[in-house]
Ligand SMILES: [Zn+2]
C-alpha cells in the first residue's frame, strides 16, 4: 500500500463523471482539507485521499448525490408547472369573462406579455 495520501487536484475538475458531467460542475476544492473535494450539490466534503479523482467520480454515482440532484430538478419543474398553471388560469378567466359578458365585451383580452 502506498503510504502517501492523494491530494485534491484542481485539474480533475475537467474530468467527466459517469453521468457525463464535469466534476467541476458540482465539485470544488475543499478549502478545509487538501485531501478532499467539496460537493456543492450535497454540500459536503468528499475525501479523495485513497483513489483520487475516482473517489469523486464514485461519489457522483452515490444514491444521495443523485437524489439531491433529482430534488433540485423536481423543484425547478414544479416552478415551471406553476407558471403554466398560472397562465392557464389567466386564459380561463378571460374565457369566463367572454362567456358572461359576451353581449358587451369591454375588457381587452389581447394583452401582450
Ligand atoms: Zn454530492
Quiz prompt | Ranked list, fewest to most other Cβ atoms within 10 Å of each Cβ, for 93, 41, 84 | solution = 84, 93, 41
Practice problem: For the range 1-82, report the convex hull volume of the alpha-carbon atoms normalised per residue, in Å³, without decimals. | Solution: 95 Å³
Quiz item: What order do you get for 35, 8 when you list them from fewest to most C-beta neighbours inside 10 Å?
Solution: 35, 8
Exercise. Determine, for 38, 100, 72, the number of other Cβ atoms within 10 Å of each Cβ, and report the residues in order from fewest to most.
Key: 100, 72, 38
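Which FRET efficiency value, to the nearest 0.05, do you get for residue 19 and residue 43 by plugging their Cβ-Cβ distance into 1/(1 + (r/R0)^6) with R0 = 22 Å?
Details: r = 19 Å, r/R0 = 0.85.
It comes to 0.75.
Just so you know, all these numbers are worked out from the coordinates, no wet-lab data involved. Only a predicted model underlies this, so the values are computations on that prediction, with no experimental measurement involved. No Cβ is skipped: glycine too gets one built from the backbone with ideal geometry, and neighbour counts run over all protein chains shown.
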